[in-house]
Amino acid sequence: MPRAYEPPTGRDETKEEQADRKWGELLQEVRVAQTGIQILLAFLLTSAFSPRFPDLDPFGKDLYVFTIMCGAGATGALIAPVTLHRMVTGYRLKPQTVLWASRFTMVGLVLLLVTVGAALTLILRFVMEDTVAVWLASAVLLWFASCWFLPAAWLRHKRRELCEGPEDTEVKRVSGGG
């Protein structure tokens with residue numbers, strides 16, 4: 001199986017120490033996302049029993065089912081790192097566990113984003129025109145994506161420039177490097 005690219009950390013740590021550190025960081029991140037999706041999913045599950053639920057049109061009911069399924073998928077993906085870790089603990093697979101847990105977390109975050117957008121659309125359709133509801137939900141989704149994913153993409157793209165210090169540039173100039 002091909003390995004994911006691992007940029008140098010600039011730390012003096014073994015592969016196992018790096019995996020332990022990354023695992024701790026990942027768990028902290030997952031705790032925040034798990035709480036959010038579990039609260040949202042609980043709200044969505046109980047809304048089917050509200051007095052206005054029968055007022056949903058067929059599209060609204062389909063959107064509700066889609067939203068519930070995305071929320072359940074996000075919950076599963078965000079809980080998966082814990083289950084994975086529990087099942088492989090003691091097998092000396094921490095670096096691989098961290099890689100898989102990170103993948104599950106990203107899938108969970110994307111599903112959380114979709115769940116929030118679908119839930120907003122579902123709820124806003126109750127209080128305003130469908131077109132306005134879709135535009136507002138789309139604006140919030142764009143804002144979330146801008147906050148959650150764009151800074152990371154920009155930082156990864158600019159990594160070389162941001163990590164180069166003046167001494168690195170000077171060494172490259174003197175040595176004739178790039």
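The values are calculated or read from the model by the stated rules, or taken from the named source; none is laboratory data. Owing to the predicted nature of the structure, the values given are computational and were not obtained by experimental measurement. Quick reminder, even Gly has a Cβ in these numbers, built from the backbone with ideal geometry, and neighbours come from all protein chains shown. The protein model used for the area step is the full one, side chains on, heavy atoms only, and it has no ligands, DNA or RNA in it. Shrake-Rupley method; radii C 1.70, N 1.55, O 1.52, S 1.80 Å.
Overview of values
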| quantity | calculated |
| --- | --- |
| For the chain: relative contact order, % (alpha-carbon pairs under 8 angstrom, 6 or more apart) | 21 percent |
| R0 of 35 Å, Cβ-Cβ distance SER146-TYR91: FRET efficiency to nearest 0.05 | 0.35 |
| Accessible area (Å², 1.4 Å probe, nearest 10) - CYS163 | 90 Å² |
| Region 72-145, relative contact order in percent, only Cα pairs under 8 angstrom and at least six apart counted | 32 percent |
| Accessible area, probe 1.4 Å, largest first, for residues VAL127, VAL65 | VAL127, VAL65 |
| Degrees separating the helix 130-148 axis from the principal Cα axis of the chain, which is the longest one | 20 degrees |
| Extension gain from LEU136 to SER50, taking 0.36 nm per residue of separation minus the Cα-Cα distance | 28.6 nm |
| Carbon + sulfur, % of accessible area of the chain - ligands and nucleic acids excluded, 1.4 Å | 66 percent |
| Stretch gain in nm, segment THR35-ILE123, where the contour uses 0.36 nm per residue and the Cα spacing is subtracted | 29.6 nm |
| Among PRO58, LEU93, ALA80 - extreme Cα towards positive end, dipole of region 45-110, charges at beta-carbon | LEU93 |
| With DNA, RNA and ligands ignored, accessible area of ASP20 (1.4 Å probe; Å², nearest 10) | 80 Å² |
| Candidate values (1) 1.08; (2) 1.15; (3) 1.12, label of the one derived for Rg/Rh (Cα atoms, Kirkwood Rh) | (3) |
| Chain lengthening between PHE66 and GLN18 when straightened (0.36 nm per residue, less Cα-Cα) | 13.4 nm |
| Accessible-area ranking of ILE37, ILE123, largest first, probe 1.4 Å | ILE123, ILE37 |
| Residue order for LYS61, LYS15, LYS22 - accessible surface, 1.4 angstrom probe, largest first | LYS15, LYS61, LYS22 |
| With DNA, RNA and ligands ignored, accessible area of ARG52 (1.4 Å probe; Å², nearest 10) | 120 Å² |
